[in-house]
Amino acid sequence: MKWLSALAATLALGLTVSGCAGAGEIEVRSAWARSTPPGAAVGAVYLEIRNTGTGADRLRGITSTIARKTELHGTMMHGGMAHMRAVPELEVPAGATIRFEPGGLHVMLIGLREPLVAGQLFTLQLEFEHAGRRQVPVEVRDPG
């Protein structure tokens, strides 16, 4: 009887592991931010997330030391006007590429600790449910 329990536990573990196979294969690339004028309180980061795995993943949080607060934002049209709203987390389906672009999804840097200067590099930390934490270098560019 003990061997039957052991077999059942082994099979259950195998199903759990195979159910997660391919999850967590996340690439983050092309991260950039616009330069800001001195005294600016906010900035935005744009990037691309690609899930090369066979399972969905979820972006659960974003942090950076360059700002007091970091939020994922989406832009929606309402009454002919664009409005931003915080998005608590973001599903990244298997095989999908999600682009953060001006006028769409972006990372909002709130309470900048210093101006964003063209040529500067800083780091974002993205926390994924399966892929874990990713350190992402961000290049600051001049607008235009």
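The values are calculated or read from the model by the stated rules, or taken from the named source; none is laboratory data. For clarity, every value in this text was computed on a predicted model and none was experimentally measured. A quick note on method: Cβ atoms are made from the backbone with ideal geometry, for glycine too, and the neighbour counts reach across all protein chains shown.
Summary table below
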read-out: Single residue of segment 123-135 satisfying the filter (buried (at least 20 other Cβ atoms within 10 Å of the Cβ) and not small (Gly, Ala, Ser)) that is farthest from residue 59 (Cα to Cα); value: 124
read-out: Segments classed as strands (runs of 3 or more DSSP E), wholly inside segment 18-87, with at least 3 members that are of a type in the set (Val, Ile, Thr), out of contact with any Pro (no Cβ under 9 Å at 6 or more places or on another chain) and under 17 Å from residue 105 (Cα atoms); value: 42-51
read-out: Residues being under 20 Å from residue 141 (Cβ atoms), surrounded by fewer than 16 Cβ atoms within 10 Å (Cβ to Cβ) and either under 11 Å from the mean Cα position of the chain (by Cα) or modelled with pLDDT of 95 or more (or both) - total across segment 38-57; value: 4
read-out: Condition met for residue 94 (more than 25 Å from residue 127 (Cα to Cα) and at pLDDT 95 or above); value: no
read-out: Tally of residues being among the aliphatic types (A, V, I, L, M) and exposed (fewer than 13 other Cβ atoms within 10 Å of the Cβ) across segment 88-117; value: 1
read-out: Count - residues of segment 58-70 that are crowded, with 16+ Cβ neighbours inside 10 Å, within 20 Å of residue 114 (Cα to Cα) and under 10 Å from the mean Cα position of the chain (by Cα); value: 1
